[in-house]
């Protein structure tokens, strides 16, 4: 399955749109991690390994965020991830496709000091949390997209002793019930028949 996921990453179907208030949303137009009951987090971890070594810029402030070797394991196996169920678990798994764009549109960075002794080495200069948003398609019974669910999330960034900032996890994922939209209402989309 790893080769299949690699191919999916190379042909990601991602766009960034603006909502009515001018705020950016990363639209992830394919669901590649499916499962009625459980997400295969090992597949998500393998998918994320392709990002290791990449870096992306937060457009709002020009801050460079690196993808380190600990992201795949933390993203797919953190205490937060293990508690996820249903829609939010599927949302986190599929949000992995939009990591570069979610970093790009991140906003409202807030600094935090280390809370745990175990992070004194890898996050010597503390942590940052940034807001980001993404949308995932909702399918009808015939497999056609009839709308999108919009989610708010927080990017957890560790600030290493080297001065570099690394994406550590995506947390606090919440569905924005007032922001769900029909597919034909998105810019550039034609009505779905």
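The values are calculated or read from the model by the stated rules, or taken from the named source; none is laboratory data. Remember, predicted model here, so these are calculated numbers, not experimental data. Note that we place each Cβ from the backbone using ideal geometry, even for glycine, and neighbour counts take in every protein chain shown.
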What do you reckon, is residue 39 crowded, with 16+ Cβ neighbours inside 10 Å, at pLDDT below 95 and touching a helix residue (DSSP H, G or I) at 6+ places or on another chain (Cβ under 9 Å)? yes
Show the residue pairs that are 6+ apart or on different chains and have beta-carbon atoms under 6 Å apart, the first residue being within the stretch 27-47 and more than 28 Å from residue 17 (Cβ to Cβ), the second being outside any strand (DSSP E or B) and at pLDDT 95 or above. 41/76; 45/72; 45/76
Kindly establish whether residue 16 is modelled with pLDDT of 95 or more, buried (at least 20 other Cβ atoms within 10 Å of the Cβ) and in contact with a strand residue (DSSP E or B) (Cβ under 7 Å, 6 or more places away or on another chain). no
Regarding residue 24, is this residue touching a strand residue (DSSP E or B) at 6+ places or on another chain (Cβ under 7 Å) and free of Cβ contacts under 8 Å to residues at least 60 places away in the same chain? no
